[in-house]
Amino acid sequence: MDLVNKLWGFCNKLRHDGVDPSDYIEQLTYLLFIKMAEERGIYVPKGFDWNSLITKDDDALLLSHLESVLQKLKTEGGILGEIFSDPVSRVKNSKILKALIQEINSIHWTSIDADVVGLAFEELIGRVANEGKKGAGQYFTPRPLIQTIVNVIKPNPLESKNFNIGDVAVGTAGFLVVSYEWFKSKYGNHKLSKTEQNRIVEKTYFGQELVQRPRRLALMNMFLHGVNAEIKLGDTIYGVTDERYFSCILSNPPFGNKGSKQVPDRSFPVKTSDKQLNFIQHIIEKLKPGGRAAIVLPDSCLSNDAAKRIWSYYLDINKSKSEVCNLHTIIKLPEGIFAAYANGVKACVLFFQKSVPTETLWMYDARKGTRKITTKSNILELKHFEEFERSYGSDPNGTSIRTQTDRFVPHSFDSIVSRGFDLSFTEIIKSAPLPHPEIIIDEMIADYERKISALKELKSKLSANDEYSETLVNDSSSADSSSSKRKKTSKIIK
C-alpha cells in the first residue's frame, strides 16, 4: 500500500471541504491519533473514543460529536492531553468527515511497520510545506539538509548514560525524528537493556515550540516513530527557561526579527535585540560542557555588528571562560533552500562545541558552482551535500584531519581576530588596473586592421574563382528572365 498517497488522498478530501493547506495534517492528526490510540490500547474516555466516531449513524450529529470529542480529550493527562491541547475542528461537511473516518478505519495502522507510518507522515508534512507560504514551510527544514547535519554530528544516545538531544525551535520535530532514525540505522541491531531502551525513547529527545499547531505535529511525529518526546509549548527566548541542559542541540530557529526586543530577564552576556543571535546565546547556555551544536542561521549572523560582538565574546576564552566555543565548521548553503518562506535570504549552518577554544575555523562554500535550489527543476537532494560530508570527516566534534580544497578553506583564530570577528570570509576579487587609453586605442586599431585584412583576402579569393563568378552571372540571367516572364503574365492578366 502506498501510504503517502493514501494520506495525501485524505488531505484532498479536506481540501474539497475548504480546509486550508496549513490545517490538513492537524485535522488528520486528531483522527489518526484516536484510531491508533484504540489499536495501541491507550486510554481514551468511553463515548469519546474511535468507536463513538465510527458508529455515529446520524451524519448531521457527527460534526458536533467530533467537536465534543476534541474538547473532552484536551482535558486528559499525558500524551492524549498534549496532542489535543487547544484543538480546533476545521471540517464543515459531515459527509466528507464520515467518508474520511471510514477510510481511516479501513486501515489497521499498528500492523504496519512504525517506521513506514512515521516516514509517510514526515513526507506528508513535506508536501504540505511545499504548498506555499500558507503551508507548514516555516516549521519545516528540508530533510536532505537535516540528514546531512545529523550524519556529521552523530547524535548517539549510547555515548553516555545522560546523553540527550534538544531542539529549541522544534517545528514539526524533523531534527529529532531524523536523529532517532539515524541511531536506529546505526545501532538498531545492538542488544540494549530494558533500561537503555526506556531511556532512549522516554528521556533522550526534547524540544520547544512557540506555536501550538507545529508542536502538535511534532508530538504526533515522534509518537508515530515510537518516541515519547517532551515538546514544551512556550517562547524559547522571551519565556521562562528551565534547568535542563543538553549533550547535543540541533536547530533551525525562525528567520527574521519580527517582534524582536531586548531580553531583560535573561542574563545573556551580549545584549542585542537580534532574535537569531539570542538563539545562539541561548543554545550555548543550554549546552553541557563539551556539548555540541549545529544551528541553521541567515548569513547576517556571520558579519553584522551585533554578530561580531557575539563572536568576539564566545570565541575569546579570556572573555567567555567556560562558555568559550570551538566554532570549527561553517557551511554556506546553496541559494534557494528556504525560498518557501525566506526568499532571497542566504543561509548557513554553524557547527561548534562548548568549553573548547577555537583554533581553526573551516568554511565550506556549497554555493560555489551550484545552481539555485528550486522545488521543481533543481530539488534539494542528499547529493548536494555528499562532498561536504566527506570533507567534514568522521569526528562529530569536527576535530578530524581535513584537507583544504577550493570549497573547503581553513581560517586560523588569528585571522578571525584580524578581521574583527567578521566570519563571512567573502572572497574579495580585486580588479586589475585599466591600461592607458592610448594602449586601448592601439589594440582596437590593430584588431580592426586584422579584420579588414581578412576581408580583403576573402574578396580576392572570390574574384579569382571564375566558376563562382559564372554561377553568379547565370543566376542573374535566370533572375532577369523570370522577371520578364512575370511582367508578361501581368499584362495578360490586365
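Some values worked out for this structure:
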{"item": "Subset of the stretch 254-304 that is in a loop (DSSP other than H, G, I, E, B) and in contact with a Cys (Cβ under 9 Å, 6 or more places away or on another chain) - its residue that is modelled with the lowest pLDDT", "result": "Asp274"}
{"item": "Some residue of the stretch 326-339 being out of contact with any Leu (no Cβ under 7 Å at 6 or more places or on another chain), assigned by TED's automatic domain parsing to the domain that holds Ile249, closer than 22 Å to Gln147 by Cβ and part of a helix (DSSP H, G or I)", "result": "yes"}
{"item": "Entirely in the stretch 1-87, the helices (runs of 4 or more DSSP H) that have 1 or more residues that are closer than 18 Å to Leu219 by Cα and of a type in the set (Phe, Trp, Tyr)", "result": "24-40"}
{"item": "Leu361 vs. criteria part of a strand (DSSP E or B) and surrounded by 11 or more Cβ atoms within 10 Å (Cβ to Cβ)", "result": "yes"}
{"item": "Close pairs from the stretch 235-253: first part of a loop (DSSP other than H, G, I, E, B) and crowded, with 17+ Cβ neighbours inside 10 Å, partner charged (D, E, K, R) and at pLDDT below 95, Cβ under 7 Å, at least 6 apart", "result": "Ile237/Lys275"}
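The values are calculated or read from the model by the stated rules, or taken from the named source; none is laboratory data. Here the structure is a predicted model, which means the values were calculated and not measured. We place every Cβ from the backbone using ideal geometry, glycine too, and count neighbours over all the protein chains shown.
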